[in-house]
Amino acid sequence: MRDVIIIGGGPAGSTLARLIGKDFNVLLIDKKSSDESKTSFKKPCGGLIAPDAQRALARFQLQIPTDVLANPQIFAVKTIDLQSRLITHYQRFYLNVNRYRFDRWLQSLVGDADIIEDARVTTIKKLNDNYQVTYVKDGIEQVEHARMIVGADGADSIVRKTFFNRKIRQYMAIQQFFNASDIKPLYASLFDHTLTDSYGWGLVKDGELIFGAALPLQNSRKIFEVLKDRSAVHSFDFSNPLNTEACLVNSPRSIREIECGSDHVFLIGEAAGFISPSSLEGISYAMDSALALAQAMKKKNVIKYYKVKCGKIKMKILLKQLKSIVLYTPILRKLVMLSKLDSINLVE
Ligand SMILES: Cc1cc2nc3c(=O)[nH]c(=O)nc-3n(C[C@H](O)[C@H](O)[C@H](O)COP(=O)(O)OP(=O)(O)OC[C@H]3O[C@@H](n4cnc5c(N)ncnc54)[C@H](O)[C@@H]3O)c2cc1C
């Protein structure tokens, strides 16, 4: 029997496995495969490493290898309000990465835990004094047992759905890829409150334009097409679609929607609800909450200590909630954009 089974090998799961692998008998189960061309799962993501995520990496003394970086790097965001037609540019400090390779790199740093990749967890059951995890690999159902379970399995977490019924606000994130060889590199964020109370984005990565948005769960595909129609005037070329991906994305309306866990089942990263409701930046929260749980696992009362540690992360989300009120209230956003506060003027 294992001490810990971590379900999900994204930034949260891989970080936790790296941090606790020496002290516990850990198994990490992840859907992704090590072969990029064959993997049945790639996390839909903008792949922008924000300053908070850079800070988390810095604390771990990690440096991103250049083969994880994407082309080009980005220094500004073009903010487009499709209703008021205002456009403002702001300086930004993101690293543009290939998200699949970023996840694989974090996973490669896990030294002391066992990893089963290309495997999907289908059920988790509480038995008398342990948990039974069933997963499917190569079409064959297999079983493992552990004293503790960690749900690091993202927005559509099977761990959260199995053990907790705390609701969290969710959007359908849709991203479409286009040939961008002729497009001037850009990073844009788009707002249209008649379509979504979250936002859309467009960015160029390794010769492709990624156009995406977080949309209401109902009629998301239709709304996405309307957003594309309305955005086309802003020099997006949607003529050569290459592929489309979609997944749920969490966006806590209040910190009460965050679930850290109970008993011997813990949630980290987006599964817990740790993600910025204003920008949907989640990579820093994934790593920070993994660190919090790793530190808590050194204590006797893990859940109590983890909840205390999560207090700081929740406070950060609370501040992002205040920011999202300004960002997503049309009149407030308009005032901020008109004020040109903190904006940059482009030199043509
Ligand atoms: C479209 C989109 C764009 C985004 N852009 C950005 C961005 O640019 N920058 C940023 O910081 N954040 C971004 N985010 C948010 C960010 O991607 C997540 O918050 C972050 O990845 C959360 O990390 P995590 O490790 O908690 O979960 P995930 O990264 O979601 O990882 C979960 C892992 O669990 C595995 N898994 C799930 N279910 C199972 C199962 N049943 N069995 C086995 N394995 C399973 C998956 O393989 C996956 O690797 C974006 C989100 C979306 C949807």
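Taken together, the values in this text are just the output of simple stated rules run on the coordinates, not laboratory data. Here the structure is a predicted model, which means the values were calculated and not measured. Note that we place each Cβ from the backbone using ideal geometry, even for glycine, and neighbour counts take in every protein chain shown.
Quick notes
- Antiparallel bridge percentage (DSSP; both residues within the chain; nearest 5): 75 percent
- Choice from Y285, Y90, Y328 showing the highest fluctuation, given a GNM over the chain with Cα pairs closer than 10 Å: Y90
- In order along the range 253-267, the Karplus-derived 3J(HN,Hα) couplings, from 6.51 cos²θ - 1.76 cosθ + 1.60 at θ = phi - 60°, round to 6, 8, 5, 5, 7, 7, 10, 8, x, 6, 6, 10, 10, 10, 10 Hz, and Gly and Pro are given as x.
- Likely footprinting exposure, R2, R166, R160, fewest C-beta neighbours within 10 Å first: R166, R2, R160
- Residue order, fewest to most beta carbons within 10 Å, for L195, L338: L338, L195
- Spin-label zone in the range 222-248 - amide nitrogen under 17 Å from a point set 7 Å from the Cα of L346 along the C-beta vector: 231-238
- In a reduced charge model with +1 at each Lys and Arg Cβ and -1 at each Asp and Glu Cβ, the range 211-331 shows a dipole moment near 760 debye about its Cα centre.
- Beta bridges by DSSP in the range 142-295, antiparallel share as percent, to the nearest 5: 90 percent
- Built amide H within the under 5 Å cut-off of K205, gap 5+: I210
- The phi-based Karplus calculation (6.51 cos²θ - 1.76 cosθ + 1.60; θ = phi - 60°) puts the 3J(HN,Hα) values of the range 24-34 at 10, 8, 10, 10, 10, 10, 9, 6, 5, 10, 6 Hz, whole numbers, x for Gly and Pro.
- Contact order for the chain, expressed relative to its length and based on alpha carbon pairs under 8 Å spaced 6+ residues apart, stands at 20 percent.
- Cα centre as origin, Lys/Arg/Asp/Glu Cβ charges: the chain dipole, Debye: 1380 debye
- Positive dipole terminus of the chain, leading residue within L209, F274, N240 (C-beta point charges): F274
- Amide H to amide H distances under 5 Å link I6 with L27, L28, I29, V150, where only residues 5 or more positions off or on other chains count and H is placed in the peptide plane.
- Helix 330-339 axis, angle to the chain major axis (alpha carbon atoms, nearest 10°): 60 degrees
- Hz values of 3J(HN,Hα) by residue in the range 278-283 - Karplus curve (6.51, -1.76, 1.60), Gly and Pro given as x: 8, 10, 6, 6, x, 5
- Among Q132, Q142, Q63, the largest mean-square fluctuation in a Gaussian network model of the chain, built with springs joining Cα atoms closer than 10 Å, belongs to Q63.
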